[in-house]
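The values are calculated or read from the model by the stated rules, or taken from the named source; none is laboratory data. Here the structure is a predicted model, which means the values were calculated and not measured. Reconstructed Cβ throughout: ideal geometry from the backbone, glycine too, with neighbour counts over all protein chains shown. Only protein heavy atoms, including side chains, enter the accessible area calculation; ligands, DNA and RNA are left aside. Shrake-Rupley method; radii C 1.70, N 1.55, O 1.52, S 1.80 Å.
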Amino acid sequence: GQAGKIKENMAQAQVRAKNRTTVGESGAGMVKVTVNGLGEVISVQVDPDALKDPDTLGPLMASAANLALSKGREILLEETQSAMGGIELPPGMLQ
């Protein structure tokens, strides 16, 4: 009944989240990380100028990835709440 419908809706929400992507940028766009709503990294783009300073490349990549992953969690939360019919999830439930 109801539990089966919720389970089906949640499975569909995960598919939708996986198909949605978001980008995190750092260093004025020198590093771009694309992730999907499930937190999977889809691509990493690095401007050749960023390669000239290896000491800053790591932090730029981490910053871009963290931003993209944060946005990805928002996607998953949106899709999950949609699947639950607007029921609010407790804070931290998807983190």
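Taking only protein heavy atoms and a 1.4 Å probe, what accessible area per residue, in Å², does the chain have with all protein chains in place?
Numbers: 6050 Å² over 95 residues.
So the chain comes to 64 Å² accessible per residue, rounded to a whole number.
Give the calculated FRET efficiency between K18 and T56 to the nearest 0.05, with a Förster radius of 35 Å applied to their Cβ-Cβ distance. Write down the numbers at each step before the final one.
Numbers: r = 32 Å, r/R0 = 0.91.
That pair, K18 with T56, gives E of 0.65.
How are the alpha carbon pair distances in the chain distributed across 10 Å bins from zero to the largest one, expressed in percent?
P(r) over the chain, rounded to whole percents: 17, 37, 24, 14, 6, 1.
Ignoring ligands, DNA and RNA, what percent of the accessible area of the chain is carbon or sulfur (1.4 Å)? Write down the numbers at each step before the final one.
On the way: 3340 of 6050 Å².
About 55 percent, which is the carbon plus sulfur part of the accessible surface.
Using a Förster distance of 35 Å, how high is the FRET efficiency between K71 and A3, based on the Cβ-Cβ distance and rounded to 0.05? Kindly include the intermediate steps, with their values, before the conclusion.
On the way: r = 31 Å, r/R0 = 0.88.
Calculated transfer efficiency: 0.70.
Relative to the present Cα-Cα distance, how much length would full extension add between S63 and S82 at 0.36 nm per residue of separation? Don't skip to the answer; put the middle values down first.
Details: separation 19, 0.36 × 19 = 6.84 nm, distance 2.90 nm.
My answer for the length gained is 3.9 nm.
Suppose every K and R has +1 on its Cβ and every D and E has -1 on its Cβ; what is the size of the dipole of the stretch 14-87 about the Cα centre, in Debye to the nearest 20?
The calculated dipole for the stretch 14-87 is roughly 300 debye.
If I fit a long axis through the Cα atoms of helix 54-83 and take the longest principal axis of the Cα atoms of the chain, what angle between them do I get, 0 to 90°, rounded to 10?
10
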